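Enquirer: First, the structure itself, so that you have it in front of you.
The values are calculated or read from the model by the stated rules, or taken from the named source; none is laboratory data. Treat the numbers as computed from the prediction; the structure is a model and nothing was measured. Neighbour counts are summed over all protein chains in view; Cβ atoms, including those assigned to glycine, are modelled from backbone coordinates with ideal geometry. Protein only, heavy atoms only, side chains kept; ligands, DNA and RNA dropped before computing areas. Shrake-Rupley method; radii C 1.70, N 1.55, O 1.52, S 1.80 Å.
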Amino acid sequence: DAGITQSPRHKVTETGTPVTLRCHQTENHRYMYWYRQDPGHGLRLIHYSYGVKDTDKGEVSDGYSVSRSKTEDFLLTLESATSSQTSVYFCAITPDRVSYEQYFGPGTRLTVT
Amino acid sequence: QKEVEQNSGPLSVPEGAIASLNCTYSDRGSQSFFWYRQYSGKSPELIMSIYSNGDKEDGRFTAQLNKASQYVSLLIRDSQPSDSATYLCAVNTGGDDKIIFGKGTRLHILP
């Protein structure tokens, strides 16, 4: 699992509440990514980071924000959760920019009621 | 819009046969190509990377790349029930820190 952990692994929350998901890596990789995976849509990039305090938007960034204050942690925040954000969220890292191979964490299943 | 296309399946293959999974991509500038395997309820696992035209073999898996046709495939020889999973094709388009995923093909190996 490339030394990646995600927390929480499961969460149920109510519409309108803020939610923060955490991705933690132990290998000091510079690049980290947040994806969501939904039936019929596959994996879609939400945000990614290329260093401490350096982040950029992905394909489906509306309603999400991220922060990276330390190399090892990449946080994804749903500012006001909606039912459309019910999904499985995966964090990934890229060890190098030559291969661009990505390795995934175990995922967080989020349900917004 | 850069796209990666896969047949969603399910693709049913008898145990012991060759499973053939296909993927096409839209960006001619693509440079890196990946196959991931994802079991139900689990995270994607990288099983093959390929960067140049031709075949790359790793055990029972062979990845094939044809940049002229913008086509990448994965062959699984001597298919086993444990190969039953969703296979995701992914492409890095070069000059970009991101990869784009196809929606995946469900493979079912029939015992």
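Enquirer: Which of the residues belonging to segment B:63-97 are buried (at least 20 other Cβ atoms within 10 Å of the Cβ) and modelled with pLDDT under 95?
Expert: Listed by number, the list holds a single entry, B:N92.
Enquirer: Give A:L45, A:L75 a once-over and let me know the one that is among the hydrophobic types (A, V, I, L, M, F, W, C) and more than 28 Å from B:Y87 (Cβ to Cβ).
Expert: Just one listed residue meets the conditions, A:L75.
Enquirer: Which is without any contact (Cβ under 8 Å) to a residue 60 or more places away in the chain, under 24 Å from A:F104 (Cβ atoms) and out of contact with any helix residue (DSSP H, G or I) (no Cβ under 7 Å at 6 or more places or on another chain), of B:S43, B:S32, B:S8, B:S52?
Expert: B:S43
Enquirer: Another one. Determine if segment A:73-94 includes at least one residue that is within 28 Å of B:Y51 (Cβ to Cβ), touching a Cys at 6+ places or on another chain (Cβ under 8 Å) and not charged (D, E, K, R).
Expert: Checking segment A:73-94: at least one residue is within 28 Å of B:Y51 (Cβ to Cβ), touching a Cys at 6+ places or on another chain (Cβ under 8 Å) and not charged (D, E, K, R).
Enquirer: Given (1) away from chain B (no Cβ under 11 Å); (2) free of Cβ contacts under 8 Å to residues at least 60 places away in the same chain; (3) in a loop (DSSP other than H, G, I, E, B); (4) open to solvent by 30 Å² or more (accessible area, probe 1.4 Å), where does A:S61 come up short, assuming only one miss?
Expert: For A:S61, the exception is condition (4).
Enquirer: A:Y50 - would you say it is part of a strand (DSSP E or B), in contact with a Phe, Trp or Tyr (Cβ under 8 Å, 6 or more places away or on another chain) and surrounded by fewer than 18 Cβ atoms within 10 Å (Cβ to Cβ)?
Expert: Here the answer is yes, as A:Y50 does meet what is asked.
Enquirer: Which is farther than 30 Å from B:G9 by Cα, surrounded by fewer than 16 Cβ atoms within 10 Å (Cβ to Cβ), among the β-branched types (V, I, T) and touching a strand residue (DSSP E or B) at 6+ places or on another chain (Cβ under 9 Å), of A:T55, A:T5?
Expert: Of A:T55, A:T5, the one residue that is farther than 30 Å from B:G9 by Cα, surrounded by fewer than 16 Cβ atoms within 10 Å (Cβ to Cβ), among the β-branched types (V, I, T) and touching a strand residue (DSSP E or B) at 6+ places or on another chain (Cβ under 9 Å) is A:T5.
Enquirer: Only one residue in A:T55, A:T94 is touching a residue at least 24 places away in the same chain (Cβ under 8 Å) and of a type in the set (S, T, Y), so which one is that?
Expert: A:T94
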